[in-house]
1. Out of 32, 71, 28, I need the residue that is at pLDDT 95 or above, assigned to a strand (DSSP E or B) and either of a type in the set (Gly, Ala, Ser) or closer than 21 Å to residue 351 by Cα (or both). Which one?
2. What are the residues in the range 365-387 that are among the β-branched types (Val, Ile, Thr) and open to solvent by 80 Å² or more (accessible area, probe 1.4 Å), if any?
3. When residue 235 is evaluated against the numbered criteria (1) without any contact (Cβ under 8 Å) to a residue 60 or more places away in the chain; (2) touching a helix residue (DSSP H, G or I) at 6+ places or on another chain (Cβ under 8 Å), which criterion, by number, is the only one it fails?
4. Identify, by number, the condition in (1) in contact (Cβ under 8 Å) with a residue 24 or more places away in the chain; (2) open to solvent by 10 Å² or more (accessible area, probe 1.4 Å); (3) part of a helix (DSSP H, G or I) that residue 419 doesn't meet.
5. Determine which single condition residue 170 fails, assuming it passes every other condition in (1) modelled with pLDDT under 95; (2) under 25 Å from residue 105 (Cβ atoms).
6. Return yes or no: is residue 149 open to solvent by 40 Å² or more (accessible area, probe 1.4 Å), farther than 21 Å from residue 182 by Cβ, among the hydrophobic types (A, V, I, L, M, F, W, C) and modelled with pLDDT of 95 or more?
7. If you take the residues in the range 353-364 that are open to solvent by 80 Å² or more (accessible area, probe 1.4 Å) and assigned to a loop (DSSP other than H, G, I, E, B), which one is nearest to residue 283 (Cα to Cα)?
Amino acid sequence: MGNSWFGGILFPIFLCLYFYGGFVNGLGVNWGTMASHPLPPKTVVQMLKDNGIKKVKLFDADSNSMSALTGSDIEVMVAIPNDQLLAMNSYDRAKEWVTRNVTRYNFNGGVNIKYVAVGNEPFLSSYNGSFINITFPALQNIQNALNEAGVGASIKATVPLNADVYNSPDSNPVPSAGQFRTDISGIMTQIVNFLSQNGAPFTINIYPFISLYDSDSFPFNYAFFDGGNTVNDNGIQYTNVFDANFDTLVSALKAVGHGDLTIIVGEVGWPTDGDKNANLANSQRFYNGLMRKLAANTGTPLRPGYMEVYLFGLIDEDVKSIAPGNFERHWGIFRYDGQPKFPVDVSGQNQNRLLMGAQNVEYLPRQWCMFNPNANDLSKLADNINYACTYADCTPLGYGSSCNNLDANGNTSYAFNMYYQVQNQNPMACNFQGLATLTTQNISQGTCNFIIMIAGDSSSLVPSLLGMALLTVLTFLLL
């Protein structure tokens, strides 16, 4: 009995390691949930376990996600969103948050919480200083609350920051000249001192893709780990922007007296759609280079060795803001339905394999909404397309994206179908004032996938259906 039980446990583990390999040491993922139809948390946690992912970074402390992580032994970074930072300036509120979201899970077989992320990139230049004066007090209160609760030795508070908090001067644009941004240098020094005093890491988000996206003159290959471009910094050769960016931070930390502070890469990744450089091939190239780097423990010139890195992200999120760019909804290494997008070498040993996708995913019926070729009055077509794309994700239609090559009817069909699927295939959602019709034939074309949505609750989608009904009524009245 004992031997057969032991073998029954080991065999599936062996199969997982044999066929899929283990994630490189120190590698985690970001689990975002800004989706119209998020996968059940238990399904996502099983995905993490199936693929040997042992670290996960959240963007909140949602009780459903935390419950699903209970007993998994996956290391977790829970988070306080930016809109709660002001409340955390009250020590009593901070203690309440720690009690509700940390210590309640601190039991044998509970959630293996290792970090608390205080805010998310709160010092972004685009925020115009909204969080500058409230982030550090929130960080202090949360860490002190963790200490008072008796868990501060094992659970550390940190602030995930965007790489725009540091730079090198235009007169000497090399990593060794790194310094914190002048408008926040004082507060950054205070934060770094506090992190050091409490044995907490500095968490930074680095995006080579953004460097490429922001400038057409940026050397393309320098964004990857196998490129031919180099930057010379006093004899040190930088062959990729990730290393150069990371070491610019190391230099900035050294400049304020903490050159040895532990650094975590909180986010790094490459999107697969929504821009001319966001595609499967570039994403696979980037990840494979990153995995080989991490597996070899090469680190960077100024910080050789082990790196703790969290990929961004796990699953596509179709309701994320696209203010930074259409690519924002396509960072996942898995599609919206938890299925892998491309083979990736997660072991860093030149073993490209598809990751294990979500199991037992339920889909809506195989039917699509498309442009009605028999429609006569096209005067309201543009209004209906705009309406559909307001409430559904049409970013793949953009320049250089996966559906960029569709004709006018194809564009219309894509917009209508996305809206129809997001609305859980409600019959009212495939009318568009007579401009749409249903089909059971898959109308996907080339690289453009016309999706079938996963089954989900439609209660949150009622307002947009009411909006469609209102649009129809108003149009009728104006005729």
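The values are calculated or read from the model by the stated rules, or taken from the named source; none is laboratory data. Since the model is a prediction, treat every value here as computed from it, not as a measurement. Here Cβ is always computed from backbone atoms with ideal geometry, including for glycine, and neighbour counts include all displayed protein chains. Keep in mind that these areas ignore ligands, DNA and RNA; they rest on the heavy atoms of the full protein, side chains included. Shrake-Rupley method; radii C 1.70, N 1.55, O 1.52, S 1.80 Å.
1. Going through 32, 71, 28 in turn, the sole match is 28.
2. Scanning the range 365-387 gives no hits.
3. (2)
4. Checking residue 419 against (1) in contact (Cβ under 8 Å) with a residue 24 or more places away in the chain; (2) open to solvent by 10 Å² or more (accessible area, probe 1.4 Å); (3) part of a helix (DSSP H, G or I), the one that fails is (2).
5. Residue 170 satisfies all of (1) modelled with pLDDT under 95; (2) under 25 Å from residue 105 (Cβ atoms) except (2).
6. Yes: the conditions hold for residue 149.
7. Here the residue is 354.
Condition check ((1) open to solvent by 10 Å² or more (accessible area, probe 1.4 Å); (2) on the phi > 0 side of the Ramachandran plot; (3) not in a helix (DSSP H, G or I)) across all residues:
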{"site": "222", "(1), (2), (3)": "yes, no, no"}
{"site": "225", "(1), (2), (3)": "yes, no, yes"}
{"site": "261", "(1), (2), (3)": "yes, no, yes"}
{"site": "264", "(1), (2), (3)": "no, no, yes"}
{"site": "283", "(1), (2), (3)": "no, no, no"}
{"site": "286", "(1), (2), (3)": "no, no, no"}
{"site": "292", "(1), (2), (3)": "yes, no, no"}
{"site": "306", "(1), (2), (3)": "yes, no, yes"}
